[in-house]
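Q: Structure provided below as structure tokens; questions to follow.
The values are calculated or read from the model by the stated rules, or taken from the named source; none is laboratory data. What you see is a predicted model; the values in this text were computed from it and never measured. Every residue, glycine as well, gets a Cβ built from its backbone with ideal geometry; the counts of neighbours run over all protein chains shown.
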Amino acid sequence: MTRRLFHLERDGVALLIAQMGDALPHVLHWGGAVSAGIDLDALASALSRQSPPGTLDAAWQLSLAPQEGDGWSGRPGMQLRRGGIVHHPRWVVTGTEEGEDRLRVDARDEASGLLLTISIGVEAGGVVWVEHALVHQGEQDAAPVDVDWLEATLPVPSTTDSLLTFDGRWAREKRPVVTAMPAGATVRQSRRGRPGHDNPVAAIASIGEPRWGAGELWGVHLAWSSDLTVRLDRVTDAVTLIGAGELLRPGEIRLVPGEEYRAPRAAFVHSTDGLDGFAARVHTWLRARPQHPSSPRPLVLNTWEAVYFDHDPARLTALAERAAEVGIERFVLDDGWFLGRRDDSTSLGDWVVDRTVWPEGLTPLADRVHALGMQFGLWFEPEMVSLDSDVARAHPEWLLHDPGHLEHPASLSWRQQYVLNLADPGAYAHVLGQIDALVNELGIDFIKWDHNRDLVESVHAGRPGGHAQMIAVYALLRELKTRHPALEIESCSSGGARTDLGILAFTDRVWASDSNDPVERQDIQRWTGLLLPPELVGAHVGPTTSHSSGRTTALSYRMATSLMGSAGFEWDILSCDEEETAAIGRFAKLYKELRPVVHTGRVVHPELRDNAWRATGFVGQDAAVVVVATVASLQDARAERLRIPGLDRDRRYRVRVRREIGDARHGWIAPEWFGAGEIELPGAVLSEVGLQLPTLWPLQAFVLHLEAI
Ligand code: DGJ
């Protein structure tokens, strides 16, 4: 029997994959780099599986597509059916292709005529991408094959003892959930036609509870923006697996000869530096993409919480003028500008300017915004339709709903809206045509692409329609980007219900949450940042009293929190007093000065014991920014020291408290350096000894700016 070892390695991450004869390969190691020169025989012997008593006799290793026949009692890597009956493929490898950092394996199952292709690549940052595809290569009369699921899996050490996933709700996305390693199969799923506010985001297995700056962990995320599964299997007689795949409904993918199902790509991330190391790998990968935004991330003013549906051209023009005065660079007109849209009960799908509100159309506003030197952005919700719309009246057949169910519209309605079936060529052409026309006519620079409801029992061509819908949405985004290469698109879904790496292939920013409350935002942005670097995460200063929580916070606190992302305002700044307006102007300058560091640096989270602290650092080559905030009262009268990781130990840094946003309020006497607002120290001292923090009051924040000298 031939034995081969594939060794893929990049940026400190290695994958060792063995292949015996023509069996599907199995992974011997996914983790830290091992360098070259590995003897397969010795490695195979070192890692050969012990056959415990009471299990299958053969000492099989788990393949890249584990199934029952491998002696695997966890969730299979895929589930197939023929004629309604489960089908167990017998894969025979027909070819492998090894490139630098990549491996492709083709395997055939004679009985069904299926070809399975598994592509694995270690890409920038050491992120391992795994992609599975199935093609039905049977004769024309061969039986169709139902794909119930096709999920990518990789083994993690059985020494992992904690599992991190996420849940959340509207205005409180991405709440981390850490549990002791559960026994058996753990499956977290999204069944909403979008990842959802309670998106599991990832499955991360760690040795010890996950920490920001230290510890070894292995995680998986699916680059897919609709229904999904993330999974972990801990069985006592096999390796532990993590994995992810698209959640398909029965009958959704039925392959007939000649057809292919390509599963979404899954990103597997290993870190020896805790969650910060995990994030750094994904950020490196994202930043290495050719389409990653390279221009400075503009300071935004979005009109939503400023005016909601109350569109008055004169007032909005005045708002744009004030925006330009204070230093805003992108003005975004949110919901409410199109045919009959006076509230959220009508008009989705009619992407034509409402002349009763905008008698001269949007051209005067767009032109004024451009003349003021700002970009012009416009809100759309392209996947949705209101029953009270011209398009729904003309084409009721374009809805992504079971017509029988639509007879009882109340049971399907969500924010009084419905879903448009973009897999229908007519519906697709309608939406593309209307958006494209407006982009051309108004010179739109930026689209806020919203998606405000779950998909419920979607039906397309008599089948479950979630998969086809997502593919059509990606195609629509791709087409708009192709026609308008400079156009930027933001992924919004009632806030942060769609912020995955799938949608990020076609978008340039996410709207992290509908909560602009900085207390909530400290955590929502922190955890959104596990995958997305700050330049991709929309973070706006909202009104003094938050519209989503009723909490009142200081402007300095809101601005410090906004500075941690792609910053902006979502507030009627015409109502600001002189002092507030001046502070916004100072903040705009500060944001522009610091964004090159925040938007390219490595994100670090200095460890502090008191859970009332939130400290986030952005560490570049010659400078760093650290935002220090409190989300509650501190426990101790004498606060902890802040030790900043990631600095160059051998260089001296000038550390300044940037007070442009206003002062952070604190009790008692502040540490000398904080009072002075400036200090010079070597990197080694800042990272090992630390800075004595002031005892901040609750809901206060300050910005530290470090420059190497
Ligand atoms: C939900 C979004 O998350 C908000 O920011 C806003 O755009 C509204 N939709 C508009 O309807």
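Q: Away from the ligand (no atom under 15 Å from the Cβ) and in a helix (DSSP H, G or I): is that true of R521 in this structure? If you could, list the steps in order and put the result at the bottom.
A: Details: away from the ligand (no atom under 15 Å from the Cβ): no; in a helix (DSSP H, G or I): yes.
No; evaluated as a whole, the condition is false for this residue.
Q: Filter the stretch 306-356 for residues that are away from the ligand (no atom under 16 Å from the Cβ) and of a type in the set (S, T, Y); which is nearest to the chain's Cα centre (by Cα)?
A: Checked the stretch 306-356; the qualifying residue nearest to the chain's Cα centre (by Cα) is T317.
Q: Ok, one more. In the stretch 624-641, what residues are part of a loop (DSSP other than H, G, I, E, B) and in contact (Cβ under 8 Å) with a residue 40 or more places away in the chain? Give the steps one after another, and end with the answer.
A: Residues of the stretch 624-641 part of a loop (DSSP other than H, G, I, E, B): 631-640.
Result: V631, A632, S633, L634, D636, A637, R638, A639, E640.
Q: For the subset of the stretch 43-82 comprising residues that are among the charged types (D, E, K, R) and within 23 Å of S119 (Cβ to Cβ), which member is modelled with the lowest pLDDT?
A: Result: D70.
Q: Can you pull out every residue in the stretch 528-549 that is over 10 Å from the mean Cα position of the chain (by Cα), touching a residue at least 60 places away in the same chain (Cβ under 8 Å) and more than 17 Å from S295 (Cα to Cα)?
A: Once the filter is applied, which keeps residues that are over 10 Å from the mean Cα position of the chain (by Cα), touching a residue at least 60 places away in the same chain (Cβ under 8 Å) and more than 17 Å from S295 (Cα to Cα), the stretch 528-549 yields H540, G542, P543, H547, S548, S549.
Q: Could I ask something else about it? What do you reckon, is R415 touching a residue at least 12 places away in the same chain (Cβ under 8 Å), within 16 Å of the ligand (Cβ to nearest atom) and surrounded by fewer than 19 Cβ atoms within 10 Å (Cβ to Cβ)?
A: Spelling it out, R415 is indeed touching a residue at least 12 places away in the same chain (Cβ under 8 Å), within 16 Å of the ligand (Cβ to nearest atom) and surrounded by fewer than 19 Cβ atoms within 10 Å (Cβ to Cβ).
Residues are listed down the side, and each one gets a yes or a no for (1) under 16 Å from V439 (Cα atoms); (2) not acidic (D, E):
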position	(1), (2)
V332	yes, yes
F338	yes, yes
W351	yes, yes
T356	no, yes
P359	no, yes
P364	yes, yes
D367	yes, no
W379	yes, yes
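Q: Looking at (1) among the small types (G, A, S); (2) touching a residue at least 24 places away in the same chain (Cβ under 8 Å); (3) farther than 21 Å from Q375 by Cα, find the lone condition where G462 falls short.
A: Just one mismatch for G462, condition (2).
Q: Does at least one position in the stretch 172-193 carry a residue that is in contact with a helix residue (DSSP H, G or I) (Cβ under 9 Å, 6 or more places away or on another chain), within 26 Å of Q522 (Cβ to Cβ) and not in a strand (DSSP E or B)?
A: No, because not a single residue in the stretch 172-193 is in contact with a helix residue (DSSP H, G or I) (Cβ under 9 Å, 6 or more places away or on another chain), within 26 Å of Q522 (Cβ to Cβ) and not in a strand (DSSP E or B).
Each row is one residue, and each column tells you yes or no for (1) touching a helix residue (DSSP H, G or I) at 6+ places or on another chain (Cβ under 9 Å); (2) at pLDDT 95 or above.
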{"residue": "R602", "(1), (2)": "yes, yes"}
{"residue": "R609", "(1), (2)": "no, yes"}
{"residue": "V627", "(1), (2)": "yes, yes"}
{"residue": "A632", "(1), (2)": "yes, yes"}
{"residue": "D636", "(1), (2)": "no, no"}
{"residue": "L642", "(1), (2)": "yes, yes"}
{"residue": "G646", "(1), (2)": "yes, yes"}
{"residue": "R652", "(1), (2)": "yes, yes"}
{"residue": "R656", "(1), (2)": "no, yes"}
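Q: Take the residues of the stretch 497-506 that are in a loop (DSSP other than H, G, I, E, B) and more than 14 Å from the ligand (Cβ to nearest atom): which is surrounded by the fewest Cβ atoms within 10 Å (Cβ to Cβ)?
A: In this case the residue turns out to be F506.
Q: Could you list, in sequence order, all residues of the stretch 107-128 that are crowded, with 19+ Cβ neighbours inside 10 Å and in contact (Cβ under 8 Å) with a residue 40 or more places away in the chain?
A: Answer for the stretch 107-128, where residues must be crowded, with 19+ Cβ neighbours inside 10 Å and in contact (Cβ under 8 Å) with a residue 40 or more places away in the chain: A107, L114, L116, I118, I120, G121, V122, E123, G125, G126, V127, V128.
Residue by residue, here is whether (1) in contact with a helix residue (DSSP H, G or I) (Cβ under 9 Å, 6 or more places away or on another chain); (2) modelled with pLDDT of 95 or more; (3) in the same structural domain as L487 (by TED's automatic domain parsing); (4) in a loop (DSSP other than H, G, I, E, B) holds:
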position	(1), (2), (3), (4)
H283	yes, yes, no, no
S295	no, yes, no, yes
E305	no, yes, yes, no
D310	no, yes, yes, yes
A318	yes, yes, yes, no
R322	yes, yes, yes, no
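Q: With at pLDDT below 95 and in the same structural domain as V456 (by TED's automatic domain parsing) as the only criterion, which of H395, H408 stands out?
A: On inspection, the qualifying residue turns out to be H408.
Q: Given the conditions (1) free of Cβ contacts under 8 Å to residues at least 12 places away in the same chain; (2) more than 18 Å from A238 (Cα to Cα); (3) more than 33 Å from the chain's Cα centre (by Cα), report the number of the one that E97 does not fulfil.
A: Unmet condition: (3).
Q: Name the residues in the stretch 337-350 that are out of contact with any Ser or Thr (no Cβ under 8 Å at 6 or more places or on another chain), surrounded by fewer than 22 Cβ atoms within 10 Å (Cβ to Cβ) and in contact (Cβ under 8 Å) with a residue 40 or more places away in the chain, would you?
A: Of all residues in the stretch 337-350, those out of contact with any Ser or Thr (no Cβ under 8 Å at 6 or more places or on another chain) come to 337, 342-344.
Pick out the ones that are also surrounded by fewer than 22 Cβ atoms within 10 Å (Cβ to Cβ) and you get 342-344.
Scanning the stretch 337-350 gives a single hit, D344.
Q: For the stretch 563-580, give me each residue that is hydroxyl-bearing (S, T, Y) and crowded, with 16+ Cβ neighbours inside 10 Å.
A: Going residue by residue through the stretch 563-580, those that are hydroxyl-bearing (S, T, Y) are 566, 575.
Result: S566, single match.
Q: Among the residues of the stretch 578-596, is there at least one that is free of Cβ contacts under 8 Å to residues at least 24 places away in the same chain, under 27 Å from A632 (Cβ atoms), more than 16 Å from the ligand (Cβ to nearest atom) and of a type outside the set (D, E, K, R)?
A: No; the residues of the stretch 578-596 include none that is free of Cβ contacts under 8 Å to residues at least 24 places away in the same chain, under 27 Å from A632 (Cβ atoms), more than 16 Å from the ligand (Cβ to nearest atom) and of a type outside the set (D, E, K, R).
Q: Quick check on the stretch 357-383: of everything there that is over 24 Å from L477 (Cα atoms) and part of a loop (DSSP other than H, G, I, E, B), which residue is nearest to the ligand (Cβ to nearest atom)?
A: Once the filter is applied, the top-ranked residue is V357.
Q: When only residues in the stretch 524-533 that are over 17 Å from A267 (Cβ atoms) and buried (at least 22 other Cβ atoms within 10 Å of the Cβ) count, which is farthest from the ligand (Cβ to nearest atom)?
A: Across the stretch 524-533, the extreme among qualifying residues is Q525.
Q: Okay, next question. Report, by residue number, each residue of the stretch 648-704 that is farther than 21 Å from L594 by Cα and of a type in the set (D, E, K, R).
A: Within the stretch 648-704, R649, D650, R665, E672, E688 meet the criteria.
Q: When the stretch 483-496 is examined, which residues are found to be surrounded by fewer than 24 Cβ atoms within 10 Å (Cβ to Cβ) and near the ligand (Cβ under 10 Å from one of its atoms)?
A: Residues satisfying the conditions are E490, S494.
Q: Which of the residues spanning the stretch 83-98 are aliphatic (A, V, I, L, M) and either within 15 Å of L64 (Cα to Cα) or modelled with pLDDT under 95 (or both)?
A: Within the stretch 83-98, V92, V93 qualify.
Q: Looking only at residues that are surrounded by fewer than 19 Cβ atoms within 10 Å (Cβ to Cβ) and within 34 Å of the chain's Cα centre (by Cα) in the stretch 67-85, which one is farthest from V13 (Cα to Cα)?
A: Step one: list which residues in the stretch 67-85 are surrounded by fewer than 19 Cβ atoms within 10 Å (Cβ to Cβ), which gives 68-69, 73, 79, 81-85.
Next cut, within 34 Å of the chain's Cα centre (by Cα) only: 68, 73, 79, 81.
Values: E68: 29, S73: 29, Q79: 30, R81: 36 Å.
Checking each candidate, the answer is R81.
Q: Restricting attention to the stretch 15-33, does a residue exist that is surrounded by 16 or more Cβ atoms within 10 Å (Cβ to Cβ), closer than 21 Å to A133 by Cβ, assigned by TED's automatic domain parsing to the domain that holds V220 and hydrophobic (A, V, I, L, M, F, W, C)?
A: no
Q: Sticking with this one: Hey, among the residues in the stretch 431-450 that are away from the ligand (no atom under 16 Å from the Cβ), among the acidic types (D, E) and touching a residue at least 60 places away in the same chain (Cβ under 8 Å), which one's surrounded by the most Cβ atoms within 10 Å (Cβ to Cβ)?
A: The qualifying residue surrounded by the most Cβ atoms within 10 Å (Cβ to Cβ) is D445.
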